[in-house]
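The values are calculated or read from the model by the stated rules, or taken from the named source; none is laboratory data. Bear in mind that the values here come from a model prediction, so they are computed numbers and not experimental data. So basically every Cβ, Gly included, is an ideal-geometry build from the backbone, and we count neighbours across all protein chains shown. Quick note on the areas: whole protein, heavy atoms, side chains included, nothing else; ligands and nucleic acids left out. Shrake-Rupley method; radii C 1.70, N 1.55, O 1.52, S 1.80 Å.
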Amino acid sequence: MFEPIGATRAELASRGRKVVRRGARQVLLIAAGDRVFALANRCPHEGYPLSEGTLGPDCVLTCDWHNWKFDLASGAALVGRDPVRTYPVVLRGDDIFVDLADPPAERLRLRALAGLDAAMADNDRTRMARETARLERAGFDAREALAHAIVAVHEHLEGGMTHAHAAAPDWLALSERSTSADLRLAALLEPLGHLAWDTLGAGRFPYPAGERDWDPAAFVAAMEAEDEAAALSFVHGALGQGMSYPDLRPALAEAALAHYADFGHSAIYVLKVGQLVERLGEPVLAPMLEALVRQLVYARREERLPGFRGYGRTLAAWSGGARPLAAEDLIGLSVAGVLKRLSASADRAPRELFDALLGAAGWNLLHFQLDYDQAAGRKIADNVSWLDFTHALTFANAVRHLCAERSDLWPAALLQLALFVGRNRPYVTADQNVDDWRIDEPAAFVQGEMARLYDHGTVEPIIACHRLKVLFALEDELAYAPAAPWVGVVCAGVNRYLNTPPKRHHGLRLARQARAFIAQEG
Ligand code: FES
């Protein structure tokens, strides 16, 4: 509805512009020739007053702070990114009337989501934050921004889902626990930024579209054959039959644990996709299943590597061992040693073996030899970082859940956990003081560390997302078994990991390893 804005054309004649206040809003009136324009006075870039800008030919206003240029008629940014809001104007004699009414909520929603798409394509976190805040201000659940982003980047996932998806349910959980709107938004923005980071500049990789009736055995066989089209056709059929994620999860878990897949990532992802679908619902079910299947199909099968070949033999011969097992029995053993020691306890309860392995993995984390994270003079095979240790914890958490509904998968899960323990042996040392890392109150420690993640200060999303996932996995395991034998060592290990700055750029190592590599080329 048009209303008098409290200004006349005669008033604009002298300076050509006037700022009128309406509540918190500042409306800039600008005369250009015989036309009058009304627009928001705050520049959409950093908020400086457009009233101080320079009016050029063709009704283009330049914000002189950073040179963004706006078409006054449409508000479009001719230079810069975001448009400025304009208001309809009518002139009645000398009086200026402006329609300040907000557009319908649905239009604001669509505008915010379109702006989010553009911001993500630019990997521009500032604009992602603003568009998500706009969506919320228009009365919508800000989590829709994340569901929208998951769909938007879906076809750009050449290798399937990434850590951005896997960490998303934990960021959402942190967001939901938040005590203020700022904290809630801060946590929600993390997976958005991570998705944009992971898909920046990526091409399009459409998913095969076939469909056939759900058949879990045939689905697992298709996954084993690395046949993405066949595997997805079963998934599409299941969706067509109205099946939900929990219906498919047992088969997905079987496919994930059929191999030591991508350093255990596949099993972690099977758990995390379920948590994400629980939180965001139907809109992300199909895209997440497709992205997960693609990741599972193309995951490395690391048990084929020379160092892990004992895994298959041990799994095939799994049974007949009755020796009690504790973490101390596994610490310091190689892959072969851990597999052998574990098979001697194959008939013990899975929980006993799980506790022992988790304790040994926690010991490794607590005793990681930092030189491997820091040094520039080692070979490529020794490019080991904290994340090579933390995945044992998140993998353990995932398989405990997956094996709760597929107990037949316990042997594979335990032996893969054993691979984590054994593979990290060369990179730990008992010769260090670890007393300072002891935690007396695990629950308070986890909550305190989670609270720090709202403002973690790291650029690469992969760093914060791993800290978060480890904390949620630890919280979950502590809730399940608060008096388990591994609690002390795992908490101390996580404390050391979270509070030891990682070295994330290895310029000199990169140069040395590149020269050594090239020197051996034919
Ligand atoms: S504040 Fe206007 S261009 Fe930066």
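In the stretch 419-440, the qualifying residues are those that are under 28 Å from the mean Cα position of the chain (by Cα) and under 26 Å from Asp170 (Cβ atoms), and the one that is surrounded by the most Cβ atoms within 10 Å (Cβ to Cβ) is Val421.
In the stretch 1-47, of all residues being open to solvent by 10 Å² or more (accessible area, probe 1.4 Å) and polar (S, T, N, Q), the one that is farthest from the ligand (Cβ to nearest atom) corresponds to Thr8. Of everything listed in (1) away from the ligand (no atom under 15 Å from the Cβ); (2) surrounded by fewer than 16 Cβ atoms within 10 Å (Cβ to Cβ); (3) within 30 Å of His148 (Cβ to Cβ), the single unmet condition for Val79 is (1).
Taking the stretch 482-522, which residues are in a loop (DSSP other than H, G, I, E, B), within 29 Å of the chain's Cα centre (by Cα) and within 23 Å of Asp382 (Cβ to Cβ)? Thr500, Pro501, Pro502, Lys503, Arg504, His505, His506 - these are the residues of the stretch 482-522 that are in a loop (DSSP other than H, G, I, E, B), within 29 Å of the chain's Cα centre (by Cα) and within 23 Å of Asp382 (Cβ to Cβ). Only residues that are assigned to a loop (DSSP other than H, G, I, E, B) and aliphatic (A, V, I, L, M) were counted across the stretch 7-29, and they come to 1. In this entry, Glu106 is excluded by the filter for residues that are without any contact (Cβ under 8 Å) to a residue 24 or more places away in the chain and open to solvent by less than 40 Å² (accessible area, probe 1.4 Å). Exactly one residue out of Arg309, Arg300 is surrounded by fewer than 16 Cβ atoms within 10 Å (Cβ to Cβ), of a type in the set (D, E, K, R) and in contact with a helix residue (DSSP H, G or I) (Cβ under 6 Å, 6 or more places away or on another chain), and it is Arg300. Scanning the stretch 24-57 for residues that are under 39 Å from the mean Cα position of the chain (by Cα) and not hydrophobic (A, V, I, L, M, F, W, C) returns Arg25, Gln26, Asn41, Arg42, Pro44, His45, Glu46, Gly47, Tyr48, Pro49. Note on the stretch 366-481: enclosed helices (runs of 4 or more DSSP H) holding 1 or more residues that are at pLDDT 95 or above are 387-405, 410-423, 442-452, 461-480. Filtering the stretch 50-68 to residues that are near the ligand (Cβ under 9 Å from one of its atoms) and either at negative phi or touching a Cys at 6+ places or on another chain (Cβ under 6 Å) (or both) leaves Leu50, Gly53, Thr62, Cys63, Asp64, Trp65, His66, Trp68. The residue that is nearest to the chain's Cα centre (by Cα), counting only those in the stretch 82-94 that are away from the ligand (no atom under 16 Å from the Cβ) and surrounded by 14 or more Cβ atoms within 10 Å (Cβ to Cβ), is Tyr87. The set of residues in the stretch 312-336 that are open to solvent by 80 Å² or more (accessible area, probe 1.4 Å) and under 30 Å from Phe234 (Cα atoms) contains only Ala316.
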